[in-house]
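Presented below is the structure to which this report refers.
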Amino acid sequence: VSRGARAAGGRTIGVILQQFQDKNVHCTAAVEMTSVSDMRSRKRGLDEAGDAFIALPGGLGTLEELLEILSLKQLGFHRKPVVLLDALGYWQPLLQMLDKGFADGFIQDHFRGIYTVARDPAQAIEQVVSTSSWQPSGHDGRGGGTA
């Protein structure tokens, strides 16, 4: 993803655990790379650096980070776009669970708008760009890093 973003003229920012950098098991494609000692610092760095959040299909870490960024948005700590890229229906079970949370009253209906769902990368980018609260951090009009 980082290589593709850079090839298209985008700016990428990486936040990596020092232990991964020490073992040289990381992608060196990011223009700016910051190493940190723990996961909380890594997530804080990604949260602060990202202009928007597009959740690609992933594992437990991705799920945990997605739910945290949604919780922070729900609480009003940020107004950045959050998009679930639902490639091949990957996020459908989570979306069903969120729908149940809304239906059962555990999540208030007015929070339905804190995320959007995209079927492909082009639609995900379109949703980020069309979000009125989104302002790119880059100086060239193409935006900053997307975490």
Residues of type lysines that K43 reaches as a straight line, Cα spacing below 17 Å, ignoring anything fewer than 8 places off in the same chain:
K73, K80
Segment 17-87: chymotrypsin sites (Phe, Trp or Tyr not before Pro) in DSSP coil with no more than 11 other Cβ atoms inside 10 Å:
F77
In whole angstrom, note down how far apart the Cα centers of segment 1-23 and segment 77-110 are.
27
For V83, distant residues with modelled amide H under 5 Å away:
F53, I54, A55, T116
Amide H to amide H, which residues 5 or more places from V36 or on other chains are under 5 Å from it, using H placed in the peptide plane?
I16, L17, Q18
Whole-number D in µm²/s for segment 1-99 (Stokes-Einstein; Kirkwood sum over Cα pairs; 10 °C, 1.306 mPa s):
107
Accessible surface, segment 34-136, averaged per residue in Å² (probe 1.4 Å):
61
Given charges of +1 on the Cβ of Lys and Arg and -1 on the Cβ of Asp and Glu, with all other atoms neutral, how large is the dipole of segment 69-122 about its Cα centre, in debye to the nearest 20?
220
How much length, in nm to one decimal, is gained on full extension between L56 and A87, taken as 0.36 nm per residue of separation minus their Cα-Cα distance?
10.4 nm
Quick one: 3J(HN,Hα) in Hz for segment 111-119, Karplus 6.51/-1.76/1.60 with θ = phi - 60°, rounded, Gly and Pro as x.
8, 4, x, 7, 8, 10, 10, 10, 8
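The values are calculated or read from the model by the stated rules, or taken from the named source; none is laboratory data. Keep in mind it's a predicted model, so treat the numbers as computed, not measured. Positions of Cβ are generated from backbone atoms using ideal geometry, with glycine treated the same way; all protein chains shown enter the neighbour counts. These accessible areas exclude ligands, DNA and RNA; they are computed on the full protein's heavy atoms, side chains included. Shrake-Rupley method; radii C 1.70, N 1.55, O 1.52, S 1.80 Å.
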